[in-house]
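Q: One structure coming up, written as structure tokens, with questions to follow.
The values are calculated or read from the model by the stated rules, or taken from the named source; none is laboratory data. Since this is a predicted model, take the numbers as computed values, not measurements. With ideal geometry, Cβ positions are generated from the backbone for all residues, glycine too; neighbour counts draw on all protein chains shown.
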Amino acid sequence: MRATETDARRRDAADPGYRELFHVPPALGGRYPDAAYLAGNSLGLQPRATRAELLADLDAWSRLGVEGHLAAERPWLPYHALLTGPAARLVGGLPEETVVMNSLTVNLHLLMVSFYRPRAGRDRIVIEDSAFPSDSYAVRAQARYHGLDPDTAVVRLCPDEVLGYLAAEGAAVALVLLGGVNYLTGELMDIPAVTAAGHAAGAVVGWDLAHAAGNVPLRLHDWGVDFAAWCSYKYLNAGPGAVAGAFVHQRHLGDPDIPRFEGWWSTEQATRFEMAPVSRPPATAEAWQVSNPPILAMGPVRTSLELFDRVGMATLRERSLRLTGYLAELLAEVTPGRPMSVLTPADPGRRGCQLSVRIGSEAGTGAEELVSRLSGKHGVVADARDPDVVRLAPVPLYSSYLDCWRAAEALATEL
């Protein structure tokens, strides 16, 4: 017997989440007023608190002008430090290991300047074969920058091949750079195991946490990760193109032998306005900052991180397992006899909150067309990766069991 709307609503009453803290878009089609928004892995919803807090920062500029650097209620000069503690707690780092700055790929480049240091016989970069394209572009660019052929230096592997490759070919690997949660399949990598294997092979290990930060619990410091970077506009709900984050393990901080690009914000704050010609970088991740932070863009990140601090990743992960597990059950009910299959691992411990559905060619529709019909006819907002993958992400902060039920019913109807 197929699950019912009544059952979904009963589950919502018992396990409501935090939907009331967010603006949920109206449905474009179907019989429900609000969208079943399952695209938070692409762009998170706006917290209700964001507008007022952003306007408060904007008002400080209008009232204070340049004096806002020191006299604003949240002074601009040390503003980025307001985000450091919550960001560190989110990814399991120490405050001195964590900084909020730039965008994801910019941070990856800045970190690879420091940590991708190829030499004869050890110059390969290992990424996953389904890495997000910008990661592939970035590592290939770094290889070219060092005078290497990216087609040779960059090794693309299936996730389940990584450990074996490191055991067999690790002596040639300079850098392992993988997605913590794969953007296409939703698979959660075994971050501690891969990190340990990379180190055992003598390689540096970094992580792109775009789909992991705010989605799964992380312990970057304890796992010994060398560096990591993440964006803030997906699960962190900080708005389109929001300021990203970076992590550098404590053992690398203050090491004068590590090359690093520097700029105005790379020097110690206490002596910054002495205007000295030589930087005095702090022994923290802030040494990787280059420019002064964009205050009005950092405000929504601060608002979001405070929300994660208040709720806690452990609580969110528990609800995520329940919610995503429910969606998995619903998809299992409607898959037989339909041209669809779930790509994401069935083991809850090997996934975050994203389930990826591959649409068979016999469906006669591509992913983009199907996602358009889901939204326009049913009010279900999903994400398409052409040619044939539909990604559904029941985000534990604001998604509901009813959202999951609506998505499964819409897929069953359209396929």
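Q: Being at pLDDT 95 or above, under 24 Å from Met189 (Cα atoms) and in contact with a Leu (Cβ under 7 Å, 6 or more places away or on another chain) narrows it down to one of Leu321, Leu355, so name that one. Break it down into steps so the answer makes sense when it comes.
A: Working: Leu321 fails: in contact with a Leu (Cβ under 7 Å, 6 or more places away or on another chain).
Step by step, each of Leu321, Leu355 is checked, and only Leu355 is at pLDDT 95 or above, under 24 Å from Met189 (Cα atoms) and in contact with a Leu (Cβ under 7 Å, 6 or more places away or on another chain).
Q: Next question. Among the residues of the stretch 281-301, count how many are out of contact with any Gly (no Cβ under 6 Å at 6 or more places or on another chain), over 21 Å from Leu70 (Cβ atoms) and of a type outside the set (Ser, Thr, Tyr).
A: 5
Q: Is it the case that some residue within the stretch 357-367 is charged (D, E, K, R), under 30 Å from Glu20 (Cβ atoms) and more than 22 Å from the chain's Cα centre (by Cα)? Before the answer, list the steps.
A: Residues of the stretch 357-367 that are charged (D, E, K, R), as a first pass: 358, 362.
From the residues that got through so far, the ones that are under 30 Å from Glu20 (Cβ atoms) too are none.
So far as the stretch 357-367 goes, no, none of its residues is charged (D, E, K, R), under 30 Å from Glu20 (Cβ atoms) and more than 22 Å from the chain's Cα centre (by Cα).
Q: A further question on this structure: How about the stretch 160-218: which of its residues are acidic (Asp, Glu) and outside any loop (DSSP other than H, G, I, E, B)? Quick ask: steps written out before the conclusion?
A: Our first condition is that a residue be acidic (Asp, Glu); within the stretch 160-218, this holds for 160-161, 169, 187, 190, 208.
Matches in the stretch 160-218: Asp160, Glu161, Glu169, Glu187, Asp208.
Q: Within the stretch 392-405, can one find any residue that is more than 19 Å from the chain's Cα centre (by Cα), crowded, with 21+ Cβ neighbours inside 10 Å, of a type in the set (Ser, Thr, Tyr) and not in a strand (DSSP E or B)? Full working, then the answer.
A: Pass one, the stretch 392-405, residues more than 19 Å from the chain's Cα centre (by Cα): 400-405.
So of that shortlist, the ones also crowded, with 21+ Cβ neighbours inside 10 Å come out as 400-401, 403-405.
Narrowing the set further to residues that are of a type in the set (Ser, Thr, Tyr) leaves 400-401.
Restricting the remaining residues to those that are not in a strand (DSSP E or B) gives 400-401.
Among the residues of the stretch 392-405, at least one is more than 19 Å from the chain's Cα centre (by Cα), crowded, with 21+ Cβ neighbours inside 10 Å, of a type in the set (Ser, Thr, Tyr) and not in a strand (DSSP E or B), which makes the answer yes.
Yes or no, residue by residue, for (1) surrounded by fewer than 17 Cβ atoms within 10 Å (Cβ to Cβ); (2) assigned by TED's automatic domain parsing to the domain that holds Asp388:
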position: Leu305; (1), (2): no, no
position: Glu318; (1), (2): yes, yes
position: Glu329; (1), (2): yes, yes
position: Gly337; (1), (2): yes, yes
position: Gly349; (1), (2): yes, yes
position: Gln354; (1), (2): no, yes
position: Val357; (1), (2): no, yes
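Q: Condition first: among the aromatic types (Phe, Trp, Tyr) and loosely packed, with under 15 Cβ neighbours inside 10 Å. Now tell me which residues in the stretch 228-267 satisfy that.
A: Here is the first cut: in the stretch 228-267, the residues among the aromatic types (Phe, Trp, Tyr) are 230, 233, 235, 247, 261, 264-265.
Scanning the stretch 228-267 gives Phe261, Trp264.
Q: Let me ask another. Could you tell me whether the stretch 292-312 includes any residue that is over 18 Å from Phe115 (Cα atoms) and at pLDDT below 95? Walk me through it before giving the result.
A: Kept after step one, since they are over 18 Å from Phe115 (Cα atoms), are these residues of the stretch 292-312: 292-312.
Now drop any that are not at pLDDT below 95, which leaves 292-293.
Scanning the stretch 292-312 turns up at least one residue that is over 18 Å from Phe115 (Cα atoms) and at pLDDT below 95.
Q: If you take the residues in the stretch 77-110 that are farther than 19 Å from Glu306 by Cα and under 17 Å from the mean Cα position of the chain (by Cα), which one is surrounded by the most Cβ atoms within 10 Å (Cβ to Cβ)?
A: Leu108
Q: Then there is this: Return the residues of the stretch 354-398 that are out of contact with any Gly (no Cβ under 8 Å at 6 or more places or on another chain), closer than 18 Å to Tyr326 by Cα and either free of Cβ contacts under 8 Å to residues at least 60 places away in the same chain or not aliphatic (A, V, I, L, M) (or both); say none if nothing qualifies.
A: Val357, Val390, Pro394
Q: Just checking, how many residues over the stretch 253-289 are part of a helix (DSSP H, G or I) and either in contact (Cβ under 8 Å) with a residue 24 or more places away in the chain or in contact with a helix residue (DSSP H, G or I) (Cβ under 6 Å, 6 or more places away or on another chain) (or both)? Break it down into steps so the answer makes sense when it comes.
A: Residues of the stretch 253-289 that are part of a helix (DSSP H, G or I), as a first pass: 269-274, 285-288.
Right, trim to either in contact (Cβ under 8 Å) with a residue 24 or more places away in the chain or in contact with a helix residue (DSSP H, G or I) (Cβ under 6 Å, 6 or more places away or on another chain) (or both) and you get 269, 285-288.
Residues in the stretch 253-289 being part of a helix (DSSP H, G or I) and either in contact (Cβ under 8 Å) with a residue 24 or more places away in the chain or in contact with a helix residue (DSSP H, G or I) (Cβ under 6 Å, 6 or more places away or on another chain) (or both): 5 in total.
Q: Test Leu54 against the criterion of being in a loop (DSSP other than H, G, I, E, B) and either without any contact (Cβ under 8 Å) to a residue 12 or more places away in the chain or more than 21 Å from the chain's Cα centre (by Cα) (or both), and give yes or no. Reasoning before the result, please.
A: On the way: in a loop (DSSP other than H, G, I, E, B): no; either without any contact (Cβ under 8 Å) to a residue 12 or more places away in the chain or more than 21 Å from the chain's Cα centre (by Cα) (or both): yes.
No.
Q: The conditions are (1) under 30 Å from Leu218 (Cα atoms); (2) not in a helix (DSSP H, G or I), and Ala314 fails exactly one of them. Which is it?
A: Single failed check for Ala314: (2).
Q: Let me ask you something else. Considering the stretch 1-43 alone, what residues qualify as being crowded, with 19+ Cβ neighbours inside 10 Å, within 18 Å of Arg310 (Cα to Cα) and touching a strand residue (DSSP E or B) at 6+ places or on another chain (Cβ under 9 Å)?
A: Once the filter is applied, which keeps residues that are crowded, with 19+ Cβ neighbours inside 10 Å, within 18 Å of Arg310 (Cα to Cα) and touching a strand residue (DSSP E or B) at 6+ places or on another chain (Cβ under 9 Å), the stretch 1-43 yields only Phe22.
Q: I've got another one for you. Does the stretch 381-391 contain at least one residue that is part of a helix (DSSP H, G or I) and either under 30 Å from Pro16 (Cα atoms) or among the charged types (D, E, K, R) (or both)?
A: If we filter the stretch 381-391 for residues that are part of a helix (DSSP H, G or I), which is where we start, we get none.
No - not one qualifying residue is present in the stretch 381-391.
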